[in-house]
1. Give me the tail of P(r) for the stretch 307-351 as a percent: Cα-Cα pairs with distance above 13 Å.
2. What distance in nm separates the simple spin-label points at Ile571 and Gln65, each placed 7 Å from Cα in the Cβ direction?
3. Would you kindly calculate the mean projected area, averaged across all directions, of the convex hull enclosing the Cα atoms of the stretch 323-480, in square nanometres?
4. Under 16 Å from a label point 7 Å along Cα→Cβ of His302: give me every residue in the stretch 242-258 with its amide N that close.
5. How high is the FRET efficiency between Val403 and His361 when r is their beta carbon distance and R₀ equals 30 Å, given to the nearest 0.05?
6. Ranked highest first by the average count of other Cβ atoms within 10 Å around their residues, in what order do 311-320, 199-208 fall?
7. Over all directions, average the projected area of the Cα convex hull of the stretch 119-186 and note it in nm².
8. For a protection proxy built on the mean count of beta-carbon atoms within 10 angstrom, sort 150-157, 466-473 highest first, please.
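The values are calculated or read from the model by the stated rules, or taken from the named source; none is laboratory data. It should be emphasised that the depicted structure is a prediction, and the values quoted were computed from it without experimental measurement. Cβ sites come from the backbone with ideal geometry, for glycine too, and all protein chains shown count toward neighbours. Accessible surface is based on the protein model in full, side chains and every heavy atom, while ligands, DNA and RNA are left aside. Shrake-Rupley method; radii C 1.70, N 1.55, O 1.52, S 1.80 Å.
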Amino acid sequence: MEFILLLIFVILLYLSVRKRSSRDVSKNSDERYEPVHFETRQMSSSKRSKVKPDDVWLPANQQIQIAGYTISHGLIYVGQGLSMVGDNYQTEPALINPKLSVKRSASHYADDFTYWPSYEDISPQARATYLTWLSEGRNDPNIPIGYVFLFFYGLERRLLADAKTSLQAEQEASVIIAEVERLLNIYSQNGSFRNYASHFLNISKGLFGNDDTPPIELPEHPSNFVLYKGEYTLTFKHGLAHFATKGLPLPAEWAQSWLENHPETRLRTPATRCRDEFLMLFRKRYHKKYGDGIVLKPNKTHIKFSYHPASLTFNGTIHLRDTDLPDLTALTRPVKQFYRIAESCVDELDAYSRYLGRNPHASGSLAALALLPSDLLVTSSTETVKAFKRWLHDTIGNNDYTVIRLQALLNHWPLKNVEKVLKSEAVAIAQFLAKLGYGIEPDVRFGSAKLLPDGNTVLFRLKNNAPEMPTKTYTAATTVLRLAAAVSGADGEVSEDEERHFEQHLESTLNLSKPERQRLQMHLQWLLISPPSLAGLKRSLAALTGTERKSIAQFSITLANADGHIDPKEIRILKKIYSLLQLDADALYSDIHNIQTGFADTPVTIRSKNQHDTGYKIPTPAPPKSTGDIDLNMSNIERTLEQTEKVQSILTDIFTEEDDTSQVQQDTSEPSDKVSEQITLLGLDAEHSQLVDRLVEESQWSRAEFEGLCAELGLLPDGAIEIINEAAFEHFDAPLLEDDEPLEINSDIVEEINI
């Protein structure tokens, strides 16, 4: 009896203390337990599995009160008794149990989550934070990501589990997908959430979209068709399957996205640094090779629907269903075909990319744009290019050519130094104009030396298939024409008509192509307004040996005689050449006779200094044909060309020395330590030193890359290899460059010269 009374007393005491404690807590407004305004059924754990998800699911935009928080946007589970999908004895993590305590705290956020949070297991303070976030619209970007995941768990379950048996859940697919896309826009900076949300959207759109008519247009950002490199979205796979099964050509955008996101492809820097240009060029080259696009054949591998959920409710990866659609992303051959196109595009953009790498703020300049492939430049919508095209059109008008001061062009092309034109700048200007269909004289690529900001220049419209480098025949013609112009400038007695006659003679006798003839004519126009100065020329010629001066003289006669006769106009010019060369003018006639009578059958011999003239008269030339055609002797032409290289070398040295003060200016700024060291060690000029400086950055280069570097510096690739290797042999008894595909750089020499 005493024991029973004692027990009753203890119970009463406990109830009294509990009641007092409850009152004390309610006095503190920051730590109160709010009443629950939600009716639910109490169930034992043994009956938990019988609760249907639809019974505790709150649809979108349905309002509810939970622990004093008004939640208006729905899309949550609220109640008790809902089990996990994969375990009937564990509570669904996303289920909000309104009976559980909620404790507001002074801290704005409570973040004591485990890796896989569950509403049932988080602290009362964390529940308060979660309900606050839900009531405020689920858009606070600063909320700890665990709360976002807790809400996301419910969306995962609703669409990937409930929708299997619930029509209501299936009909909510578009709403849930839209909500996850909204969350992804807010919380994409978190890599984990971005990964799970992207996979969820991928699988959901595949499950609840229309597989028969997938979209065939890429979204604004093609990267949306991949979850990450190597894993394509189901939408993308469905699109490829659509093209294959319908026999439709694959658009270039799809090919490019497929290629770039393949796990085994890696494109070089130009594909990223020059992104827009690369995409444009890839699509142009793709259409050029495949027209509307490559047609794929269905393969035997099928698309599968598998998903690794974020929530523990699924208890691991889930396999949703298979399809009969082919999974083209399993193929490798198409990717290899696309890769070859992409690599060629990267090669074409390499010079442009490297320029931007060195000059990151020059992307819109003409100097940078000049390095673009021609078809990109012609179609460029850049205002800089459009303005320059308008200027060219207005300047030349309806004429074939025009003469302007070079500074007018340079107003569109700022120089590094306003007082001089670097050789690399002169090359870039000429290349840029050529890509737009225009030529310039003088052009350093064709051997011209003068290019001064305050000098004259000739702009003209290029003919189709115009060469970018001079042939030997063209070089011979311009060299002798320049010598003739220099002679003309000596006393002004050679008329323009005579010079034009000589130019026409050179065109015909050297059998120049139409584009070469056009350029030779423009070169003559420039020579007429900017004749080579004789300052220093006589001194340079006097320094030549008698053999060298005689070679030049006989070469001039050979050119004049290539059609079998020499007329009086040509005789006048030849006399002046003899005088300039300090040769006996009277010997001209016997030299002509010897060449005319013996050139066709025997090599031209250079007479010794003491050999006397025989006094032969010039044979009477045969009358010209009535048709006006020049009777070319191909044997004469061939012998003329045999002498070209030797004489060209002599004359080039002369004119280079004579033009020291007016030639294309080199960069006289202090060279970098690297270039300075190369000049000291290898004895190279500035351009070849710069080329070496670039080459040693990598252990090997493709031929296309190497040619791009040479083009930037105005160098001929094969000649550059020979010059650099000659210098390397001289210093290290080994070549720096192994001329192969790819071009190999000798690492031992790189270490030796300590670049």
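1. Numbers: 718 of 990 pairs.
For the stretch 307-351, the fraction of Cα-Cα distances above 13 Å is 73 percent.
2. 12.3
3. Working: hull surface 56.5 nm².
Answer in nm², one decimal: 14.1.
4. Residues 242, 245 fall inside that zone.
5. Details: r = 34 Å, r/R0 = 1.14.
Approximately 0.30, to the nearest 0.05.
6. Working: 311-320: 16.0, 199-208: 20.2.
So the peptides 311-320, 199-208, ranked by packing, come out 199-208, 311-320.
7. Values: hull surface 19.9 nm².
The Cα convex hull of the stretch 119-186, projected and averaged over all directions, gives 5.0 nm².
8. Numbers: 150-157: 24.4, 466-473: 14.8.
The most tightly packed comes first, giving 150-157, 466-473.
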